[in-house]
Amino acid sequence: MSDDRRRENRLDVCLDATWDGESGNYTARVTDLSEGGCYLDTMGEAQSGEIVSFKLQLPGGDWLALTGEVAHQSPPMGFGLRFVDLTDEQTEKLHSFIAQLHEIQ
C-alpha cells in the first residue's frame with residue numbers, strides 16, 4: 001500500500017502477534033501500526049481480501065485481539081491489514097495504545 005493511500009500515519013513498532021486465517025494459525029510481528037491497520041511480518045500467507053483474526057501483544061504483556069482484511073501481500077514477508085468489524089472496546093484500546101506510542105516517539 002503506498003503512502004498516499006494511507007489515511008492514518010503509521011508508527012514503527014515491533015510487537016509479537018499470532019493470527020488465524022484460512023490457511024491456519026501463525027506467529028508474526030507487527031512492524032507498523034495505525035488506527036486503520038497494520039503490517040504483519042509473517043511466513044504465513046493470506047490472500048488479498050481475506051479476513052484474519054489476530055492478537056498483538058502489548059508491551060505490558062496484555063493481548064489485544066483485532067480483525068483485519070488483507071489489503072496487500074508481500075509473500076513470503078507478510079501482508080498489510082485494514083482493521084474491520086472492531087468493537088467499541090477494541091477501538092478504544094487501540095486508540096489508547098497508539099496515543100501512548102505517540103507520547104514515546
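Across the range 21-71, Cα pairs under 8 Å and at least six residues apart give a relative contact order of 31 percent.
Over the range 31-105, calculate the relative contact order: mean separation of alpha carbon pairs under 8 Å at least 6 apart, over the residue count, as a percent. Kindly include the intermediate steps, with their values, before the conclusion.
Values: 123 pairs, mean separation 23.3, N = 75.
Worked out over the range 31-105, it gives 31 percent.
In the full protein context, the chain carries 59 Å² of accessible surface per residue, based on a 1.4 Å probe and ignoring ligands, DNA and RNA. Dipole orientation for the range 33-105: of the candidates Leu64, Pro75, Ser48, Pro75 has the Cα lying most toward the positive pole (charges on Cβ; Lys, Arg +1; Asp, Glu -1).
Roughly how big is the chain's charge dipole about its Cα centre, with Cβ charges of +1 (Lys, Arg) and -1 (Asp, Glu), in debye to the nearest 20? Before the final figure, lay out each step's value.
Numbers: 8 positive and 19 negative charges, 35 e Å.
That gives a dipole near 160 debye.
Only protein atoms count toward the accessible area here, which uses a 1.4 Å probe; on the chain, the carbon and sulfur part of that area reaches 44 percent.
Helix 88-104 and the longest principal axis of the C-alpha atoms of the chain enclose an angle of approximately 70°. Convex hull volume of the C-alpha atoms in the range 4-100, normalised per residue: 93 Å³.
The values are calculated or read from the model by the stated rules, or taken from the named source; none is laboratory data. Remember, it's a predicted structure, so these values are computed and weren't measured experimentally. No Cβ is skipped: glycine too gets one built from the backbone with ideal geometry, and neighbour counts run over all protein chains shown. Side chains included, ligands, DNA and RNA excluded: accessible areas come from the protein's heavy atoms. Shrake-Rupley method; radii C 1.70, N 1.55, O 1.52, S 1.80 Å.
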